[in-house]
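Data block below; observations after.
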Amino acid sequence: MRASSPASAPPAFVRLAAHPIRWQILTTLAHTDLRVSELCRRLGLQQNLTSYHLRQLRDEQLVSARRSSFDGRDVYYTLDPVRCRQLLDDSAAMLHPAFSRPPAANAATTERRPTSMLFLCTGNSARSQLAEAIARQLGGPAVSASSAGSHPKPIHANALRVMRDRGLPPHGLHSKHLDEFADQHFDHVITLCDRVREVCPEFPGKPNHPHWSIPDPSREGSTDRESYPAFTRTADELEHRIRALLAWIDRQPAAAAV
């Protein structure tokens, strides 16, 4: 039997992701950011083994670590959806060029039942407001998006500027306290900062409740001008995550979404 040539070796991403534990970590972090202790409980693994595989995923820049804004001793692990998608596409193309996926369509063009989302952060001044506007744009009439905060304050000028620059209508957006929504039913309640995750109430109907540990862009730079790039990065990350969430919703059986 002729030995395999180097060109026939599986790509690094396939070899990395094929390990059962690393695959479980990737599929778990694809939906929510978690601390290592939470990953251990979900996967039923010892912390040293989980940390070992997390380190390998971090070395390939598939997973990143962020210090908690609530308790600086904690670290949240986050999957990079853009790099993960690119490596998946590259691996498929290596198998055969015909398997390379065409660019994804805008989520608003797909058909799905109306779904309700609530985005939460502490001040409801930047991250959650951007998420609400982006979800409305990407989801169109099929998505009802709202946002609120545990300690609401006026919408940050840079958040409004990013919305204008991206063609996101800010009409109707205003700061709201999360208590206003405590009795409402949502399909998805997404916490965007570590502080609000700790005080988030239980919502009726047991909604899908992912956590996205996203830094507060207003904390970067001493002036609005200096912090504006952080707001654009935040909007980019939110767009990638919301696109992924909408794609996941599209693939759920209709009966499961009732």
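Enter the angle in degrees (range 0 to 90, nearest 10) between the Cα long axis of helix 81-95 and the first principal axis of the Cα atoms of the chain, meaning the one along which they spread out most.
Helix 81-95 sits at roughly 30 degrees to that axis.
What full-extension length gain, to one decimal in nm, is calculated for Glu38 and Ala182 as 0.36 nm per residue of separation minus the Cα-Cα distance? Mind dumping the intermediate values first?
Numbers: separation 144, 0.36 × 144 = 51.84 nm, distance 2.53 nm.
Full-extension gain reported as 49.3 nm.
If each DSSP helix of 4+ residues adds -39,500 (n - 2.57) and the sum is divided by the residues in the chain, what number results at 222 nm, nearest 500 deg cm²/dmol?
On the way: 9 runs with 107 residues, N = 258.
Helices in the chain give a 222 nm mean residue ellipticity of -13000 deg cm²/dmol.
Across all directions of projection, what mean area in square nanometres is found for the Cα convex hull of segment 114-226? Don't skip to the end; give the middle numbers.
Numbers: hull surface 27.3 nm².
Mean shadow area of the hull around the Cα atoms is 6.8 nm².
Would you mind calculating the gained length between Gln61 and Leu49 on full extension (0.36 nm times residue separation, minus the Cα-Cα distance), in nm to one decimal? Intermediate results must be reported in sequence, preceding the final value.
Working: separation 12, 0.36 × 12 = 4.32 nm, distance 1.88 nm.
Separation in residues times 0.36 nm, less the Cα-Cα distance, equals 2.4 nm.
To the nearest 20 debye, what charge dipole does the chain have about its Cα centre, counting +1 at the Cβ of each Lys and Arg and -1 at the Cβ of each Asp and Glu? Numbers along the way, then the final one.
Working: 32 positive and 27 negative charges, 108 e Å.
Using only the charged Cβ atoms, the result is roughly 520 debye.
How long, wide and thick is the chain, going by the Cα atoms along their three principal axes, in whole angstroms, largest first?
Taking the Cα atoms of the chain, the three principal extents are 69, 43, 42 Å.
Towards the positive end of the charge dipole of the chain, with charges on Cβ (+1 Lys, Arg; -1 Asp, Glu), say which of Ile242, Gly123, Pro207 has the farthest Cα.
Ile242
Each reported figure results from applying straightforward, stated rules to the coordinates on display, with no laboratory input. Everything numeric here is computed off the predicted structure, so don't read it as measured data. Every residue, glycine among them, receives a Cβ derived from its backbone with ideal geometry; neighbour counts consider all protein chains shown.
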